[in-house]
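Visitor: Following this message is one structure expressed as structure tokens.
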Amino acid sequence: MIFFRTLFKTKGEAISFAVFVALIAIILPLALPIFRLNLVGKYLSYGFVAIGLVLLWGRCGILSLGQGVFFGLGGYCMAMFLKLEASDPVSTSIQTTPGIPDFMDWNQITQLPWFWEPFKSFTFASCAVFLLPGLIAFIIGWAMFRRRVGGVYFAIITQAIALILSLGIDGNQGFTGGRNGITDLKTLLGWDIRTTGAQYTLYFLCVFLLLASALLAKYIINTRFGRVLMAMRDREDRVRFSGYDVAMCRTFVFALAAMLSGLGGALFVLQVGFMSPSLVGIIPSIEMVIFTAVGGRLSVIGAILGCLIVNFGKTAFSEAYPDAWLYLMGGTFIAVVMFFPDGLAGILDKSGTLKAKLSTLGTGLMKKLKPAESAEKASAAVAEIPKTAEP
């Protein structure tokens with residue numbers, strides 16, 4: 001009971017979370033065909049990045065424009081395992097060198113590279129999905145936050161890292177698949193992930209892990225550590241003078257956000273069946289920030305809904321207006337930023353605040369009107385008293 005009180009400070013928060021769970025776990029699976037539901041699963045995989053950005057950007061005040069790096073690292077870790085499973089000697093018997101991925105054979109590589117060898121193990125690949133992005137983020141965060149690098153400088157550095165990684169993947173086609181990425185992923189431990197049943201299973205797995213991540217984020221936000229993060233965002237020097245290690249706190253949150261992004265990348269690969277450098281560079285990283293900004297960078301559920309709404313908008317606009325959908329999406333982003341700076345979740349917060357203010361005002365007016373009402377009743381009662389004749 002105490003745990004749930006820590007997660008949800010108000011009854012409205014609990015109701016909002018329950019409605020969100022019903023939407024993605026019951027309503028959408030029943031209402032959508034499997035093709036559309038698979039798209040929703042793809043959109044929800046971006047929700048892991050959005051949750052990390054809520055902690056990092058919304059609560060800690062650190063804007064990262066390179067979360068696509070960690071999303072891509074997690075995705076490539078899973079894709080490497082799936083590709084090796086699909087590249088057994090029997091399936092690749094027509095290649096010059098059987099037993100290695102097809103793109104390596106096309107580039108005249110005759111032996112599996114050493115850094116691919118550990119990814120033959122599903123356990124290693126699953127751990128790498130979390131640990132590799134988290135380790136890299138910890139090193140980057142420790143190096144920069146110790147030197148008090150923040151604000152726009154941190155954003156630019158993370159953007160540069162995203163560009164470097166995408167160019168590195170793109171330029172090493174024989175080892176990474178290059179611009180085409182890692183494709184033709186079919187099975188997971190012998191289980192065909194392309195069937196309808198597998199797509200439903202993977203969708204509900206994504207939903208379960210996303211909800212668990214959202215609850216973890218809400219727990220962190222509502223604890224003392226979450227309040228310290230907000231204090232660092234607003235008054236960093238005061239928090240530092242109070243004895244808190246600001247650099248370590250920010251490094252921890254940055255690493256946690258990276259691990260969540262890596263998990264999202266792995267689930268993206270399982271549901272979509274490929275991974276490419278187009279999901280690692282600057283553009284996808286900025287899009288992930290836009291998802292969070294549209295939904296609300298201070299709200300966990302709002303950020304996830306932002307991922308759904310923006311991506312649904314991209315799909316709908318591109319299908320209905322293939323020549324003008326980019327302009328429509330750009331106009332939508334500009335309108336949200338101009339009129340709703342706190343995102344769509346901020347609208348609900350403002351409406352709740354407005355209702356509270358109106359309720360308080362109404363209560364005050366009633367208290368002021370009660371004495372007057374009592375006076376009017378007293379006057380009416382005196383008027384009804386029969387007059388007696390004077391002696």
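Visitor: State the answer as a single residue: which of 107, 65, 164 lies farthest towards the positive end of the charge dipole of the chain, with beta carbon charges of +1 for Lys and Arg and -1 for Asp and Glu, about the Cα centre.
Guide: 65
Visitor: Would you work out the relative contact order for region 243-312, in percent, from Cα pairs under 8 angstrom that are 6 or more residues apart?
Guide: Working: 28 pairs, mean separation 11.2, N = 70.
Result for region 243-312 is 16 percent.
Visitor: Amide H neighbours of residue 99 under 5 Å, at least 5 residues apart or on other chains, H built in the peptide plane: list them.
Guide: Residues meeting the criterion, in which the H sits 1.01 Å from N, are 92.
Visitor: To the nearest 20 debye, what is the magnitude of the charge dipole of the chain about its Cα centre, counting +1 on the Cβ of each Lys and Arg and -1 on the Cβ of each Asp and Glu?
Guide: 1540
Visitor: Could you grab the relative contact order for the chain? Cα pairs under 8 Å, six or more apart, rounded to a whole percent.
Guide: Computed value for the chain: 29 percent relative contact order.
Visitor: Please report, in debye to the nearest 20, how large the charge dipole of region 1-120 is about its Cα centre when each Lys and Arg carries +1 at its beta carbon and each Asp and Glu carries -1 there.
Guide: 780
Visitor: Shifting gears a bit: What's the FRET efficiency of residue 198 with residue 333 using the Cβ-Cβ distance as r and R₀ = 30 Å, to the nearest 0.05?
Guide: Here the calculated transfer efficiency is 0.30.
Visitor: Within region 2-341, what whole-number % of the accessible surface is contributed by carbon and sulfur, with the 1.4 Å probe and all protein chains included in the calculation?
Guide: For region 2-341, the apolar C and S fraction of the accessible surface comes to 68 percent.
Visitor: Also: Give the shape of region 117-159 as rounded, prolate or oblate, defined through the alpha-carbon gyration tensor: a ≥ b ≥ c are the square roots of its eigenvalues, a/c under 1.5 means rounded, and otherwise the shape is prolate if a/b is larger than b/c and oblate if not.
Guide: Verdict is prolate for region 117-159.
Visitor: Accessible area per residue of the chain at 1.4 Å probe, in Å²?
Guide: Ligands and nucleic acids excluded, the result is 53 Å² per residue.
Visitor: Taking θ as phi - 60°, what are the ³J(HN,Hα) couplings along region 34-47 by the Karplus curve (6.51, -1.76, 1.60), each to the nearest whole Hz, with x for Gly and Pro?
Guide: Per-residue couplings from phi come out as 5, 5, 5, 5, 5, 5, 4, x, 4, 5, 5, 5, 5, x Hz.
Visitor: Given 338, 32, 232, which one lies farthest toward the positive end of the charge dipole of the chain, if we put +1 on the Cβ of every Lys and Arg and -1 on the Cβ of every Asp and Glu?
Guide: 232
Visitor: On to the next question. Any chance you could tell me what percent of the C-alpha pair distances in region 47-127 go past 16 Å? It would help to have the intermediate numbers written out before the result.
Guide: Numbers: 1981 of 3240 pairs.
Tail fraction, whole percent: 61.
Visitor: How large is ³J(HN,Hα) for each residue in region 149-154, as worked out from phi by the Karplus curve 6.51 cos²θ - 1.76 cosθ + 1.60 (θ = phi - 60°), to whole Hz, x for Gly and Pro?
Guide: 7, x, x, 5, 5, 5
Visitor: Further question: Going by accessible area, probe 1.4 Å, with all protein chains left in place, what is the ranking of 114, 106, 325, largest first?
Guide: Result of the area sort, largest leading: 114, 106, 325.
Visitor: Moving on. Report the full-extension gain for the segment residue 242 to residue 94: residue separation times 0.36 nm, less the Cα-Cα distance, to one decimal in nm.
Guide: 46.6 nm
Visitor: Still on this structure, please answer the following. With label points built 7 Å along Cα→Cβ from the Cα atoms of residue 340 and residue 164, find their separation and express it in nm.
Guide: 3.7
Visitor: Going down the list 83/120; 11/218; 42/314; 83/186; 186/314, which pairs span over 18 Å between their C-alpha atoms?
Guide: Pairs exceeding the cut-off: 186/314.
Visitor: Then there's this: Go ahead and estimate [θ] at 222 nm for the chain from helices alone: -39,500 (n - 2.57) per DSSP H run with n ≥ 4, summed, over the residue count, rounded to 500.
Guide: Working: 17 runs with 278 residues, N = 391.
It comes out at -23500 deg cm²/dmol, rounded to the nearest 500.
Visitor: Using only Cα atoms and rounding to the nearest 10 degrees, what angle (0 to 90) does helix 196-222 make with the longest principal axis of the chain?
Guide: 50
Visitor: Considering only 97, 281, 256, whose Cα is most displaced toward the positive end of the charge dipole of the chain, charges sitting on Cβ of Lys, Arg (+1) and Asp, Glu (-1)?
Guide: Working it through, the farthest residue towards the positive pole turns out to be 256.
Visitor: Follow-up question, since we're still on this one. Which of the following values of Cα Rg over 2.2 N^0.38 Å was calculated from the structure shown: (1) 1.29; (2) 0.99; (3) 0.93?
Guide: (1)
Visitor: Show the residues, 5+ positions off or on another chain, whose built amide H is closer than 5 Å to the amide H of residue 187.
Guide: Here the answer is 193, since their amide H atoms fall under 5 Å of that of residue 187.
The values are calculated or read from the model by the stated rules, or taken from the named source; none is laboratory data. Just so we're clear, the structure is a prediction, and the values are computed from it rather than from any experiment. Glycine also receives a Cβ, built like all others from the backbone with ideal geometry; neighbour counts cover every protein chain displayed. For accessibility, only protein heavy atoms count, side chains too; no ligands or nucleic acids. Shrake-Rupley method; radii C 1.70, N 1.55, O 1.52, S 1.80 Å.
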